[in-house]
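Read through the structure below, which is laid out as structure tokens, and then see the notes.
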Amino acid sequence: MMASTSKNGRKGRAFSENGSARRAAEPVEEAAFLASYDAAQFEHPSVTVDVVLLTVREARILTLVVQRREHPFRGRWAIPGGFVRITESLEAAASRILHDKCGLENVYLEQLRTFGRPERDPRTRVISIAHYALVDALGFDRAQRRSDQVKAGQVIVPWKGETGGVVELVDEQGKVMPLAFDHGDMLGVAVQRIRGKLDYSPIGFQLLPERFTLLQLQKVHETVLGRALNKDSFRRRMLASGELTATGEMQSGVDHRPAELYRFLRQSAV
């Protein structure tokens with residue numbers, strides 16, 4: 001028994017030493033593999049980030065678009081977007097695009113969906129990681145003052161609830177603003193997403209100024225959902241949610257009885 005134990009012990013040490021040697025060699029082998037790896041052996045699609053910007057004003061859902069000056073789709077309107085740089089994350093690319101094209105920072109931003117139909121971009125294979133950003137209406141005003149290429153359009157939603165589908169964009173005169181690429185699909189998915197999230201996530205507050213009335217909050221919900229809500233039940237639900245608090249201030253400069261102002265208790269809106 002003593003001899004057998006000694007033999008097993010030597011085998012155990014041998015296995016341990018071999019395992020340690022293999023683990024020590026792995027970084028060297030991986031470094032050599034990566035040094036000789038030929039990335040050109042596979043085709044590389046391009047990757048873009050497109051950011052659907054949404055706000056609510058006067059019972060209308062608005063989005064910001066940029067008129068294209070180059071082919072393809074020259075003259076058409078496009079969701080702000082751009083190619084992802086090699087060294088940046090998707091979130092960094094989305095933030096950069098918002099800043100560079102619209103002058104917007106520190107807005108509510110969330111990844112929406114990947115759009116990867118092979119023929120979606122006539123130039124080459126382009127995969128877009130779409131995001132959406134919720135902005136109060138004053139942010140849209142600032143973006144339009146910054147650049148004459150940026151314009152707000154009204155999103156016309158032809159379907160009810162969370163049915164989903166393509167939407168249309170019109171200008172202030174009701175004239176259709178033709179969209180580039182598959183951006184009508186992106187806009188539709190963004191509207192579908194916020195309609196679905198509105199009842200369980202406090203994203204509606206992102207579409208309002210810092211201080212707001214309960215009626216303004218209700219109008220945002222009605223506009224996004226595309227249907228009327230009962231005033232009393234909406235007020236009760238909002239006040240019981242724990243998501244807002246009274247500021248102790250009242251509206252000013254209005255031609256009706258001033259309403260109490262509230263603010264959002266900024267927990268996560270995700």
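For residues that are without any contact (Cβ under 8 Å) to a residue 60 or more places away in the chain and of a type in the set (Asp, Glu), tally how many sit in region 43-60.
From region 43-60, those without any contact (Cβ under 8 Å) to a residue 60 or more places away in the chain are 44, 58; that's our starting set.
Still in the list and also of a type in the set (Asp, Glu): 58.
Looking only at that region, the number is 1.
Between residues in region 191-204 that are of a type in the set (Lys, Arg) and residues that are in a helix (DSSP H, G or I) and surrounded by fewer than 20 Cβ atoms within 10 Å (Cβ to Cβ), which pairs lie under 9 Å by C-beta distance while being six or more apart or on different chains?
Once the first residue is of a type in the set (Lys, Arg) and sits in region 191-204, its partners that are in a helix (DSSP H, G or I) and surrounded by fewer than 20 Cβ atoms within 10 Å (Cβ to Cβ) give Arg195/Leu225.
Are there strands (runs of 3 or more DSSP E) fully within region 158-270 with at least 1 residues that are more than 26 Å from Gly81 (Cβ to Cβ)? List them.
On the way: elements: 168-170, 244-250, 260-264.
Those strands (runs of 3 or more DSSP E) span 244-250, 260-264.
Which residues, counting only those in region 135-186, are charged (D, E, K, R) and crowded, with 16+ Cβ neighbours inside 10 Å? Full working, then the answer.
Initially, region 135-186 is screened for residues charged (D, E, K, R), giving 136, 141-142, 145-146, 148, 151, 160, 162, 168, 171-172, 175, 182, 185.
Of everything in region 135-186, those that are charged (D, E, K, R) and crowded, with 16+ Cβ neighbours inside 10 Å turn out to be Asp136, Lys151, Glu168, Asp182, Asp185.
Output yes when any residue across region 210-227 is touching a residue at least 40 places away in the same chain (Cβ under 8 Å) and in contact with an Asp or Glu (Cβ under 6 Å, 6 or more places away or on another chain), and no when none is.
no
Every number here is computed from the coordinates shown, using simple stated rules; none is lab data. For clarity, every value in this text was computed on a predicted model and none was experimentally measured. Note that we place each Cβ from the backbone using ideal geometry, even for glycine, and neighbour counts take in every protein chain shown.
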